[in-house]
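For reference, the structure is listed below as structure tokens.
Every read-out reported here was derived from the displayed coordinates using simple, explicitly stated rules and does not represent laboratory data. No experiment lies behind these values; they were computed from the predicted model shown. So basically every Cβ, Gly included, is an ideal-geometry build from the backbone, and we count neighbours across all protein chains shown.
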Amino acid sequence: MSSSDDEITKLLKVRKTVMQMLNDRGYLVTDDEINMTKQQFIEYYGDNKSRDNLFMIKNKQNDTSDQIMVIFLIPEPSKETIGIGPLKKCIERMQSEKIFRAILVTEHGLTAAAKKAVELPNIKLEVFQDSELLNNVTEHDLVPEHQVLTDGEKKAVLEKYKVKETQLPRMLVTDPVARHYGFQRGQVVKIIRPSEYVS
């Protein structure tokens, strides 16, 4: 297997996980997009594809005005990590499209300055390295199903158990499952585990 073939295989896996992630978050993604074969990937993106070609914009299923951009970042020449330059281009592109949420996929991560620049007040940027997206964390046998509760369901749970929101167990925003689903502070998540009892 050539290094070009290895790169195509890796990008196909990364793209599939991103598609599953978007689908799990309620964005419009087709089964064909999720289950694209290697041959279809090559036909669609070309043999000498650039990470730039994997760019996409997706709409929420129930609200087409709610959009997310997915950008596969490329470092500046002779650098491995992503600096402020490519990040500024992403932000400019988002602002020109009036999209305020993006998933940035990078091969090696961001420089320290770029990590600080990602924290913006009115733009939500989520950064994932390729290595984090080679496998879908939610497909692991030990990861139970997670469902975000609506505001009404959240209120009912707090009333039922006579607790305040601050008394509920916490999930870190850095948790791989929280990152996959894009959970936000203040959301309450129902975790569904299979029963240990068999009748």
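In region 123-142, of all residues being in a loop (DSSP other than H, G, I, E, B) and over 24 Å from ILE191 (Cβ atoms), the one that is farthest from the chain's Cα centre (by Cα) corresponds to ILE123. Restricting region 159-199 to residues that are hydrophobic (A, V, I, L, M, F, W, C) and assigned to a loop (DSSP other than H, G, I, E, B), the residue that is surrounded by the fewest Cβ atoms within 10 Å (Cβ to Cβ) is VAL198.
Being closer than 20 Å to LYS16 by Cα and of a type in the set (Asp, Glu) is true for just one of GLU165, GLU145. Which residue is that? Show your work before the answer.
Values: GLU165 fails: closer than 20 Å to LYS16 by Cα.
The match here is GLU145.
Does GLU165 satisfy being closer than 30 Å to PRO86 by Cα, more than 15 Å from the chain's Cα centre (by Cα) and among the acidic types (Asp, Glu)? In short, no.
Identify all residues within region 143-158 that are assigned to a strand (DSSP E or B) and exposed (fewer than 15 other Cβ atoms within 10 Å of the Cβ); write none if there are none.
First, the residues of region 143-158 that are assigned to a strand (DSSP E or B): 145-148.
GLU145, GLN147, listed by residue number.
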